[in-house]
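See structure below.
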Amino acid sequence: MNIKQLFDKKNLVFSFEIFPPKPDYPIETVYDTIEELSVLNPDYISVTYGAGGSVNNNRTCQLSYLIKDRYNIESLAHLTCIGSSKEYMDCVLEELKEKGINNILALRGDIGSIGVGEFNNSQELIQYIKQNGDFGVAAACYPEGHIESKKDIDKDIRILKLKEEAGADYFISQLFFDNSYFYNLLDKAEQKGIKAPIQAGIMPVINKKQIERVISLCGASLPNKFLRIMNKYEYDKLALRDAGIAFALEQIVDLASSGIKGIHLYTMNNPYIAKSITNNIEFIVSSINRKKVI
């Protein structure tokens, strides 16, 4: 199934993200996490990119297959193109086809010290995927603007339109902690004529190191309310965990009540987070989706 069909069938799509274990850890270390997440019945689960050095050791593909084959939950395989050749990409796409994985999140990836390769950006990857298989393709968007664009949201919206024109079926947002940024993104996307659904990416922050790393990587801003939580519970791990989950729940309830198309929960491979969020919003999600007119 192309995940885009879920957006056609439902008012609110609810999904999870997981990541493969590091190459020096057995892949089986994440199996229990997937097992616990599966009973929460998400609409789909995405798996971040971890090629492990070769196509045959592509843990993203292995876990995406496991999710779909064992648990009958649609999976979304992340795929980055930076530094890659078209020959390599052909091998990856063929492997995904063989495993019956129908959906890809197409990303450029971090440039760093890696050469660009044969793909300059995610638009080129999206177009290449669409030309070389019957895949549903998702792409990323940035409520506060991509860090490389110096938070120029209008520039990002122009790129978003290019991604849609290249074939992106829907978008998943980078995390954010102030919903006003996401609403602004939706308004600007509508003004630009972007029709593809946009899912809100939500990450419950459960420790100080996590948030510091997040800010350094993506530059997301923190509202004063969140900073007060951090300062109050900095030295109480359990209290900070539960306060972070409560903050994320407040975000999700506000977003769902405003009629957004979907929530994508960054679980950080922590089933406790996913269970806490899901158990508190399942009636809201069910109520919203019961109103879908077929």
**Complete:** All conditions in (1) surrounded by fewer than 19 Cβ atoms within 10 Å (Cβ to Cβ); (2) out of contact with any helix residue (DSSP H, G or I) (no Cβ under 7 Å at 6 or more places or on another chain); (3) under 21 Å from Met203 (Cα atoms) are true of Leu105 except (1)
**Prompt:** If Leu238 passes every condition in (1) among the aliphatic types (A, V, I, L, M); (2) open to solvent by 30 Å² or more (accessible area, probe 1.4 Å); (3) more than 30 Å from Asp154 (Cβ to Cβ); (4) modelled with pLDDT of 95 or more but one, which one does it miss?
**Reply:** (4)
**Prompt:** If you go through the range 135-150, how many residues are open to solvent by less than 60 Å² (accessible area, probe 1.4 Å), without any contact (Cβ under 8 Å) to a residue 60 or more places away in the chain and either part of a helix (DSSP H, G or I) or of a type in the set (A, V, I, L, M) (or both)?
**Reply:** 4
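For (1) more than 19 Å from Ile252 (Cβ to Cβ); (2) open to solvent by less than 30 Å² (accessible area, probe 1.4 Å); (3) modelled with pLDDT of 95 or more, each residue gets a yes or a no:
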| position | (1), (2), (3) |
| --- | --- |
| Glu118 | yes, no, no |
| Glu124 | yes, no, yes |
| Gly133 | yes, yes, no |
| Asp152 | yes, no, no |
| Arg158 | yes, no, yes |
| Lys163 | yes, yes, yes |
| Ile172 | no, yes, yes |
| Gln191 | yes, no, yes |
**Request:** Being modelled with pLDDT under 95 and charged (D, E, K, R) is the filter here, so list the residues in the range 41-85 that pass it.
**Result:** Arg59
**Complete:** Across the range 227-246, the tally of residues that are part of a loop (DSSP other than H, G, I, E, B) and not charged (D, E, K, R) stands at 1
**Message:** When the residues of the range 9-35 are narrowed to those that are open to solvent by less than 10 Å² (accessible area, probe 1.4 Å) and touching a residue at least 60 places away in the same chain (Cβ under 8 Å), which ends up farthest from the chain's Cα centre (by Cα)?
**Reply:** Val30
**Item:** Criterion: open to solvent by less than 20 Å² (accessible area, probe 1.4 Å), within 30 Å of Ser75 (Cβ to Cβ), at pLDDT 95 or above and in a helix (DSSP H, G or I) - qualifying residue of Leu249, Leu185
**Value:** Leu185
**Asked** From the list Gly193, Gly259, which residue is at positive phi, over 20 Å from the mean Cα position of the chain (by Cα) and either of a type in the set (A, V, I, L, M) or assigned to a loop (DSSP other than H, G, I, E, B) (or both)?
**Response** Gly193
**Message:** Within the range 284-294, take every residue that is farther than 26 Å from Cys141 by Cα and not in a loop (DSSP other than H, G, I, E, B) and give me the one that is most open to solvent (accessible area, probe 1.4 Å).
**Reply:** Arg290
**Request:** Select from the range 199-216 the residues that are of a type in the set (A, V, I, L, M) and open to solvent by 10 Å² or more (accessible area, probe 1.4 Å) and write down the one among them that is nearest to Ala256 (Cα to Cα).
**Result:** Met203
**Message:** If I filter the range 71-89 down to residues being touching a residue at least 24 places away in the same chain (Cβ under 8 Å) and in a helix (DSSP H, G or I), which single residue comes out as farthest from Lys99 (Cα to Cα)?
**Reply:** Lys86
**Item:** Members of the range 262-283 found to be open to solvent by 60 Å² or more (accessible area, probe 1.4 Å) and not in a helix (DSSP H, G or I), listed by number
**Value:** Met268
**Request:** Note down all Cβ pairs under 7 Å where the first residue falls in the range 251-280 and is without any contact (Cβ under 8 Å) to a residue 40 or more places away in the chain, the second is open to solvent by 20 Å² or more (accessible area, probe 1.4 Å) and among the β-branched types (Val, Ile, Thr), and they're at least six residues apart or on different chains.
**Result:** Val253/Ile284
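The values are calculated or read from the model by the stated rules, or taken from the named source; none is laboratory data. Computed from a predicted structure; not experimentally measured. Positions of Cβ are generated from backbone atoms using ideal geometry, with glycine treated the same way; all protein chains shown enter the neighbour counts. Remember, those area values only see protein heavy atoms, side chains included, never the ligands or the DNA or RNA. Shrake-Rupley method; radii C 1.70, N 1.55, O 1.52, S 1.80 Å.
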